[in-house]
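Asks: Input: one structure, supplied below.
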Amino acid sequence: MTVTHLELANTVERIYRRFADLLRVDLIRLGKDDISPAQVALLFTIGDDELSVRDLLDRGHYMGSNASYNLKQLTESGYVERHVMARDRRSARLKLTRKGHELCEALHEFHEEYHNALTNDLQDQQEMETALRTLRRLEEFWTQTLRYGGVPVTSTVMTHEMRSRR
């Protein structure tokens with residue numbers, strides 16, 4: 001059986017939905033009812049950095065209006081601080097509050113347990129690494145194909161471009 005990029009895309013979408021469900025369960029375990037899995041994804045993307053909204057959107061591939069709503073909720077719930085830039089009041093920098101960091105740390109502990117349960121030996125770890133490389137390659141291929149107006153880019157061209165960025 002030949003695996004297509006469409007099958008991979010559908011699988012990634014299903015995996016992300018399961019991941020969101022898992023985050024929902026984790027939030028219940030922590031007694032958190034003021035934050036959604038989508039909002040947790042924003043917290044993870046911000047992490048220890050201080051980002052502009054534009055940087056956040058670029059890193060996480062979120063839809064603008066959805067991210068704006070979720071950022072407003074995160075600010076009001078005390079997970080994110082939003083600092084308006086002095087020279088351009090339309091721009092803002094975002095960073096996690098102590099509450100945001102504490103939630104991320106608690107969730108990372110749960111996910112460390114999940115990782116340990118999933119990767120019992122070196123072969124399991126190597127399979128995870130292979131899966132990640134494959135998904136990143138697929139993402140890069142789609143990105144390059146979009147850059148060239150939907151014309152598929154050969155893996156040779158893509159590999160050359162990836163090397164030239166280093």
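Here, each number is a calculation from the coordinates, and none is a lab measurement. Just so you know, these numbers come straight off a predicted model, no measurement behind them. Neighbour counts run over all protein chains shown; Cβ positions are idealised from the backbone, glycine included.
Asks: What is the chain's relative contact order, in percent, from Cα pairs under 8 angstrom and six or more apart in sequence? Intermediate values should be presented prior to the final figure.
Replies: On the way: 109 pairs, mean separation 26.2, N = 166.
Relative contact order, the chain: 16 percent.
Asks: Let me ask you something else. Based on other C-beta atoms within 10 Å, arrange ILE15, ILE46 from fewest to most. Show your work: numbers first, answer last.
Replies: Values: ILE15 11, ILE46 24.
Sorted ascending by nearby Cβ count, the order is ILE15, ILE46.
Asks: Looking at the calculated P(r) for segment 1-120, what percent of the C-alpha pair distances fall above 25 Å?
Replies: 31 percent
Asks: Computed FRET efficiency, Cβ-Cβ of ALA38 and ARG147, R0 25 Å: what is it to the nearest 0.05? Working shown, then result.
Replies: Details: r = 27 Å, r/R0 = 1.09.
FRET efficiency, ALA38 to ARG147: 0.35.
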